[in-house]
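Below is one structure, written out as C-alpha cells; the observations come after it.
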Amino acid sequence: MSLYYDTSTWCRRLWEGHIRHSARAQELMRTGARRQPQYPGMADDLHGLLYLRNEPEVKSNPSPWVKDILTHARELPEFHNLRVRCQGQGLASGVATEAMLEAINDLIPDTGNEQGTPGDQDGTDPGDPTGGGSQRRRLRQAVRRATEAVDQAEAALEGLLEPLGLTHGTQPGHPETLQDLDDVRGLYAALKQSRSLAEIARLAGRLSRLGAGHKRCQVTPAVGGITGVTTGTDLERVLPGELVGLRSPVRVKRLHTLHTLITRQALGYQMRGVVHEERGPCVVCVDESSSMRGEADTWAKAVALALLQTVTEQRRAWHFIGFNAEITYEATIAPGDASMETLTKVLLRGVSGGTEFTPPLSKACDLISSSPVLRKADIVLITDGDGGLFPSTMDRVNTLRQQEGMHVYLIAIGSGAETRVLAPIADAIYRVSESPERDSGVVAPVIALEL
C-alpha cells in the first residue's frame with residue numbers, strides 16, 4: 001500500500017503483477033520489509049511515480065527517509081526522462097522500479113533508525129564541498145541503471161512479441177490489459193533465464209527494424225499504365241487540353257467545359273492497374289553444422305526469427321528446416337500460431353556434424369509442391385559451409401522457380417562459405433563476415449521479403 005502518494009488500485013495491481021513474475025523483485029520486497037516496515041509502501045509510491053501520467057497527489061506524511069528518496073528522485077532531470085519513458089507502460093515501469101530499488105537498497109534505514117544516516121536528511125553530504133549530495137548521487141546512478149534495464153528489456157522482447165501475437169502499451173492501437181501484460185512479463189521472465197534466447201530475440205528485433213527501414217526506402221510501384229483515351233473518366237485523368245476552356249475569357253466556353261466535365265463527357269486517359277501477386281510463405285533453411293557454433297548460429301537463428309516476424313505481419317506461413325549433413329529439425333508455423341514452446345525448440349538447438357545442401361532443399365521442394373500452407377513459398381538458406389547439391393535437386397529447384405515464381409535467397413556467413421554450388425539456383429546471394437552482426441544491414445532486403 002502506498003505511503004506518500006495517492007496511487008490508483010490499477011497501478012498497485014500492476015506492481016504486484018511485476019513482483020509475481022520476478023524472483024529478484026520478490027527477494028527485494030522480502031528483505032526490504034524485514035529491514036523497514038514502510039519499505040513496501042515506498043516501493044509502491046516509486047512505481048506509481050513512474051507509471052502514472054499525472055503526478056499523484058500527496059496523501060500523508062511518512063517517515064523522513066521515504067519523503068527524501070521520493071522528493072529527491074523527482075527533482076532529477078534523469079528521473080523526469082525515465083518517467084516519460086515509463087508512463088502508461090506496465091512492463092517498463094515495473095522493470096525500472098525493480099532496478100532502482102536494487103540500486104538504492106543501502107539507503108533504506110533499518111527499523112529503529114527512522115532518521116537514516118547522518119547527512120542524508122537533506123540529501124547533502126557534509127564532506128562534499130560541492131554540496132551535490134550523496135543521496136542525489138546514488139539516486140542518479142539508480143535512475144541510469146533503471147534506464148539501462150528498460151532498454152535491455154524492450155530490446156530482448158522486440159523480436160518475440162509480434163510472432164507470439166503479444167501486445168503491450170507501447171504499440172499504437174493496443175491498450176494495455178492485465179492479461180496481455182501478464183503474458184509479456186512471463187515471456188520476459190523466460191528470457192532472463194536464457195541468455196541465448198534473449199540475445200537471439202535482441203538481434204531479431206534489430207534485424208526487423210532494418211527490414212522495415214528497407215521497405216520504407218523502396219519506391220512504391222505505379223498503380224497502372226496508360227493504355228488509351230476514353231470518355232467519362234475521373235477528373236484526375238482528364239486530358240490537359242480538355243481543361244483549357246476553364247481559363248477562357250469567354251463565359252460560354254467556360255460553361256461548356258464545366259458541362260462536359262460534370263456530365264463525364266470529357267476525354268481522359270484510359271489506364272489499367274497492375275495488381276502484383278501476393279507473395280507466398282517463407283521456408284528458412286538454417287545450417288546447424290559444427291562450424292556454425294557460437295556467434296554465427298545465434299545470428300542465423302535471429303534471421304529466422306526476424307523472418308517469422310515479417311511473415312506474421314503479412315499473414316503468411318513460416319517453415320523452419322535445420323540441417324547439417326541431414327535434416328535435424330523441422331517446424332511449421334501458420335499465421336498467428338506461434339508458441340513459445342515451438343520457438344524455444346527451433347531457436348535453442350545445438351550444432352554438430354558436416355554440411356550438405358541436398359536434404360534441406362529437397363525437403364523444401366517437397367513442401368512447396370505438396371503442402372497447401374506452403375505453396376509459392378520463398379526459400380532463405382543460411383550457411384557458413386561448403387556442401388554438395390545433387391543435380392536432380394538443382395533441376396527441381398529451378399523448375400519451381402520458373403513454374404511457381406519461387407525465389408531462393410542465399411545468406412553466406414564468412415569467407416569459408418562456398419557459394420559456387422548454390423549460385424545456379426539463387427536469385428540473390430548476400431555475404432556477411434564471420435561476425436555477421438556488424439553486417440546485419442546487408443540482409444535487410446531479405447528480412448523485408450520485398451525483393
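The values are calculated or read from the model by the stated rules, or taken from the named source; none is laboratory data. The shown structure was predicted, so the numbers you read here are calculated from the model rather than taken from an experiment. No Cβ is skipped: glycine too gets one built from the backbone with ideal geometry, and neighbour counts run over all protein chains shown.
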Just to check your reading of the model, which residue among Gly387, Gly416 is under 18 Å from Trp299 (Cβ atoms) and part of a loop (DSSP other than H, G, I, E, B)?
Gly416
Could you check, for region 366-388, whether at least one of its residues is under 15 Å from Phe320 (Cβ atoms), at pLDDT 90 or above, of a type outside the set (Asp, Glu) and more than 27 Å from the chain's Cα centre (by Cα)?
yes
Here are some conditions: (1) closer than 24 Å to Ser433 by Cα; (2) touching a Cys at 6+ places or on another chain (Cβ under 9 Å); (3) of a type outside the set (Phe, Trp, Tyr). Ala364 meets all but one. Which one does it not meet?
(1)
Determine which member of the set Ala448, Ala377, Ala417, Ala423 is buried (at least 19 other Cβ atoms within 10 Å of the Cβ) and farther than 22 Å from His319 by Cβ.
Ala417
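Somewhere in region 106-113, is a residue modelled with pLDDT of 90 or more and assigned by TED's automatic domain parsing to the domain that holds Arg136? Quick ask: steps written out before the conclusion?
Step one: filter region 106-113 for residues modelled with pLDDT of 90 or more, giving none.
Within region 106-113, not a single residue is modelled with pLDDT of 90 or more and assigned by TED's automatic domain parsing to the domain that holds Arg136.
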Consider Ser352 against the criteria (1) part of a helix (DSSP H, G or I); (2) loosely packed, with under 15 Cβ neighbours inside 10 Å: it satisfies all of them except one. Which criterion is unmet?
(1)
Mind checking which helices (runs of 4 or more DSSP H) fall wholly inside region 1-93 and carry at least 3 residues that are at positive phi, surrounded by 21 or more Cβ atoms within 10 Å (Cβ to Cβ) and not charged (D, E, K, R)?
none
Identify all residues within region 396-430 that are at pLDDT 90 or above and among the charged types (D, E, K, R); write none if there are none.
Arg396, Arg401, Asp427
Any idea how many residues of region 394-414 are more than 33 Å from the chain's Cα centre (by Cα), buried (at least 16 other Cβ atoms within 10 Å of the Cβ) and over 25 Å from Ile333 (Cα atoms)?
1
The correct count of residues that are crowded, with 21+ Cβ neighbours inside 10 Å, touching a strand residue (DSSP E or B) at 6+ places or on another chain (Cβ under 7 Å) and either in a helix (DSSP H, G or I) or at pLDDT below 90 (or both) in region 294-344 is 9
Taking the conditions exactly as written (crowded, with 19+ Cβ neighbours inside 10 Å, in contact with a Lys or Arg (Cβ under 9 Å, 6 or more places away or on another chain) and in contact (Cβ under 8 Å) with a residue 24 or more places away in the chain), does Asp384 satisfy them or not?
no
Odd one out for Ser440, checked against (1) of a type outside the set (Val, Ile, Thr); (2) under 23 Å from the mean Cα position of the chain (by Cα); (3) outside any helix (DSSP H, G or I)
(3)
